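The values are calculated or read from the model by the stated rules, or taken from the named source; none is laboratory data. Treat the numbers as computed from the prediction; the structure is a model and nothing was measured. Ideal geometry is used to build each Cβ from the backbone, glycine not excepted, and the neighbour counts take in all protein chains shown.
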Amino acid sequence: MDMPSLPSIDAQDLMARLAAAPSPLPVIKPLLKRIQEESHAYFRATFDADTLVPHRAKLMDTIMQCLWQHRKLSDQGIALIAVGGYGRAELHPHSDIDVLILALNEDTINTNSSALQDFITLLWDLKLDVGHSVRTLDECVSEADGDLTIITNMMESRHLAGDQSLHPVLTNRVAATEIWPAEKFFTAKWQELINRHKKHDDPEYNLEPNVKNSPGTLRDIQSVSWIAMRHFGKGTLQSLEEQGFLTEFEHRRLARSLSFLWQVRYALHMLAGREEDRLLFDLQREIAELLGYVDDGQRLGVEQFMAQFYRNQLSTTELCDLLLLHFNEDYMGCGNPENIENINEHFVLCNGYLQHVTANLFVEDPSWLLRVFLLMAQLPQAKGIHSGTIRALRDNRRLIDDEYRHNHEHNELFMQLMRNRSRVVRELSRMMRYGILGRYIPEFGHIIGMMEYDLFHKYTVDEHSFRMARLLRHFRFGDVREHFPIASRLIHKVQKKEILYLAALLHDTGKSIDGDHTANGGEIAAAFCRQHNLRPTDSHMVSWLVTNHLLMSNASQRIDINNPEDVHHFALEIGDQHHLDMLYLISVADIFSTNPDLWTPWRAEQMRELYRNTKAALRRGLENPIHKEDLIEEIQQEAIQQLLAHGLSEERIRGIWGVPGDDYFLREGVDNIVWHSLEINAHGNSATPLISIRQTSDQQFEGATQIFIFMKDQPNLFAVTTATLDQLNLNIQDARIMTSEVDNNAVDTYIVLDENNHAINDPQRMQHIRDTLRAALSDPNDFTTIIQRRTPRMLKQFMVETQVTMSNDPIMHRTVLEVIAADRPGLLARMGAILSEFNAQLQGAKILTEGERVSDIFFIVNSKGQPYSDAAQCEALQNAIIRGLDDQVEAQSAV
């Protein structure tokens, strides 16, 4: 197959066809369509955006010039000027075509008013993405003088058509000698970049970065170019190397980054069919496939593509920061007296930046490749590292090899940094940005830029690790005590905090290797600790924390944290109080830094409750577990005493309780049992459903809202209830489904949060929930469990294989049904309907949603109240769940 060629235009032929046509539209519209089609074909065959993007600008130049001539616009006193990105001669498929109609004076505009309006209307009729302004020379200067964006656009302007004498005049009048001198322009642009970075420092931009405006993308490179252009007069990468501002390496690096980003942006526009600069989930996979990234058995093609994008972001951010520092220090600082503070024989602080003064320092003593960051951690007055020293670090990081890594002096230097009292994570992050950390710890280097293609992990693996370590350090300070009360207390008991920081740094390094990442990470951590000569007990703790960093998080979601037998088994895995304290700190930091949105008040309290119950089990001694029967008796007696004080007789109390089963007393606790009993007593013999709601003060349910339902049991009660709660936009965190054996009364408790994962405080909303549930449950057979709510855009992009497993709990005499599936509105209602079809009795559910994936556990028995034992019946139920949930996903994804 022949290679597609670049689209072309013959200007003379185009002018002839325009002259012969009654209207330009039938001539230009097919031409624009052909250009787009041929451009896309060329890109799909070559990925050569470097050639294509400026070529498209040239083609648009020709069209604009021909239309200007066709409309017989004057060549005197008025001109068409390309500005902005189009002025740079860059044109992606759906980029704005920014033009300035420049006039000598107001009279010229008035004289040409009708023709200009006709010209602009024609561009709009052609559906071109034109941004235009009409200004006189004086207006251009006046507006540029007061607006950073306008002066930037003027700097990149090009003459297209009309009076050729106007553009040079404009260029001279907006030169740095007239307005916006280089120093003022630099300061404003640097602040603009800082503000833009802050705006895009948000989890949503980590998941769906902006190829134009996120840190380390096109706008950063352009900012460096603009600043240099204002000072040197030219801003191309080639000219900046010739001026000595860029090194050859820096020129090549920025050129590669620009080429990659252009490639991605062109693909984005082409596939989206619009100007779209965010790498949306629904486009990431398409772009990865288009650019040739394929699944390799270990990582998805889209993960490989996004890893390259994030690595490119990191290196471009680091290089642009360096160049801005370099410009500030070596160009903007010219003629200003330097504030020099001697630090040692090799370093000074130059205007607050650490600068080496010994030539070839890193070659002659490579230990300074690490020592410089320890020095920075010990200098609170230091603003950063001088650009010349950063360049030297970058140029000599190749010296870090296996011999360097196993050098005892270097290992001790790294551990000194980890043990420093302040600025540890800041300097580790700086080490990564300058390419030192990834070379010193190659296993960490492998996870830099690594992303996991889901909604659960909001950061790249390296960024998550730094956030985790930073949060561990923040536990020491009062500003986080309210949100992390136990962690903020425990951190002060830890003598060797570097153990926690090492565990955070290394806990996900195993993700770059096939297999269980926790086991892989544990081996990496053990080897690292041996290499750095840690004491055996410290090495064990780091390795144990890395291997088990998911243990407590999983347990809080899977086990009954109020069942002494479950807690005893968990305590056996922990072993002692020190391991529990350390694991709790690691677990909380890991969960929160993975995705802050999922650290709900309910999940936080579940972790705290598991910690408290495990601590109590360890205090009793693992050889002395509390017996479930004894605990139930204690709960019942305490509840009876409180209810007697409310005027209820013990006979009435026992009658209210019926025979709900041991699980009720274990899971609800004294406070809830008293609340339920009082509500049921007040409800009397009413046939209407009892719906009671409260945001509890009970420690067990802090930060969540409880909905208590008491009524005659119905086959589809769970399905109707969950469908109603879903339509009320409530997120179910836990469901306790119990039925009294005496009178067939359902005694159900739902723990819910609102759409923002907060408890419900509004009395009116509580009443609305109560009324809506009562109406639905008064006739559950007549209530639809079909959810009409749309599936969110992001959820539609992920296909999660539905997995169903069943096992029997010999202690609680029930079947444990575990379901992993794609999160969708109405999933619980669908599950309830399927269980009802199979006459399965639901006793409880633990709900866990992590991004696009749910991992829910249902405790069920068959119609006879027994665990499922028939293999054929189990297989039929599993297949029905898989088929039902998959059909639901398919139907909702099509909406």
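Taking the listed residues 795, 773, the one that is outside any strand (DSSP E or B), modelled with pLDDT of 90 or more, hydrophobic (A, V, I, L, M, F, W, C) and surrounded by 20 or more Cβ atoms within 10 Å (Cβ to Cβ) is 773, with no other qualifying. Kindly indicate whether residue 77 is closer than 27 Å to residue 219 by Cα and crowded, with 16+ Cβ neighbours inside 10 Å. The answer is no for residue 77. Here 875, 852 are screened, and the one residue that is in the same structural domain as residue 746 (by TED's automatic domain parsing), acidic (Asp, Glu) and modelled with pLDDT under 85 is 852. Against the test of being within 38 Å of the chain's Cα centre (by Cα), under 25 Å from residue 169 (Cα atoms), among the hydrophobic types (A, V, I, L, M, F, W, C) and assigned to a helix (DSSP H, G or I), the options 45, 41, 57 yield a single qualifying residue, 57. Entry remark, the stretch 416-432: residues being surrounded by fewer than 17 Cβ atoms within 10 Å (Cβ to Cβ) and either of a type outside the set (S, T, N, Q) or touching an Asp or Glu at 6+ places or on another chain (Cβ under 7 Å) (or both) number 3 in total.
With respect to the conditions (1) outside any helix (DSSP H, G or I); (2) over 30 Å from residue 472 (Cα atoms), residue 642 lacks only one, and its number is (1).
Within the stretch 475-500, residues that are over 25 Å from residue 538 (Cα atoms) have Cβ atoms under 7 Å from residues that are exposed (fewer than 11 other Cβ atoms within 10 Å of the Cβ) and of a type in the set (Phe, Trp, Tyr) in no pair, counting only partners at least 6 apart in sequence or on another chain. Here the condition is being over 39 Å from the mean Cα position of the chain (by Cα), buried (at least 17 other Cβ atoms within 10 Å of the Cβ) and under 15 Å from residue 270 (Cβ atoms); of 24, 93, 7, it holds for 7 alone. Candidates in the stretch 455-478 are the residues that are outside any helix (DSSP H, G or I) and buried (at least 18 other Cβ atoms within 10 Å of the Cβ); of these, the one that is modelled with the lowest pLDDT is 455.
Taking the criterion of being among the hydrophobic types (A, V, I, L, M, F, W, C) and assigned to a helix (DSSP H, G or I), the residues of the stretch 845-887 that qualify are 871, 872, 874, 876, 877, 880, 881, 882, 885. With respect to the conditions (1) modelled with pLDDT of 90 or more; (2) under 24 Å from residue 694 (Cα atoms); (3) surrounded by 20 or more Cβ atoms within 10 Å (Cβ to Cβ), residue 593 lacks only one, and its number is (2). A Cβ distance below 7 Å, combined with a sequence gap of six or more or placement on separate chains, defines the contacts here; from the stretch 396-414, residues that are touching a residue at least 40 places away in the same chain (Cβ under 8 Å) reach residues that are part of a loop (DSSP other than H, G, I, E, B) and polar (S, T, N, Q) in the pairs 409/367; 410/367; 411/533; 413/367. Taken over the stretch 735-756, the criterion of being closer than 19 Å to residue 605 by Cα and either touching a residue at least 12 places away in the same chain (Cβ under 8 Å) or crowded, with 21+ Cβ neighbours inside 10 Å (or both) is satisfied by 735, 736, 749, 750, 751, 752, 753, 754, 755.
Counting only helices (runs of 4 or more DSSP H) wholly contained in the stretch 507-610, no element carries 3 or more residues that are outside the structural domain of residue 485 (by TED's automatic domain parsing), touching a residue at least 60 places away in the same chain (Cβ under 8 Å) and at positive phi. Residues of the stretch 479-517 that are of a type outside the set (A, V, I, L, M, F, W, C), touching a His at 6+ places or on another chain (Cβ under 8 Å) and crowded, with 21+ Cβ neighbours inside 10 Å: 507, 508, 509, 510, 512.
The helices (runs of 4 or more DSSP H) found wholly in the stretch 98-208 and carrying at least 2 residues that are more than 40 Å from the chain's Cα centre (by Cα) and buried (at least 17 other Cβ atoms within 10 Å of the Cβ) occupy 106-111, 113-125, 137-146, 166-173.
Can you find a residue in the stretch 398-410 that is among the aliphatic types (A, V, I, L, M) and under 25 Å from residue 342 (Cα atoms)? Within the stretch 398-410 (the criterion being among the aliphatic types (A, V, I, L, M) and under 25 Å from residue 342 (Cα atoms)), the answer is no, since none of the residues qualifies.
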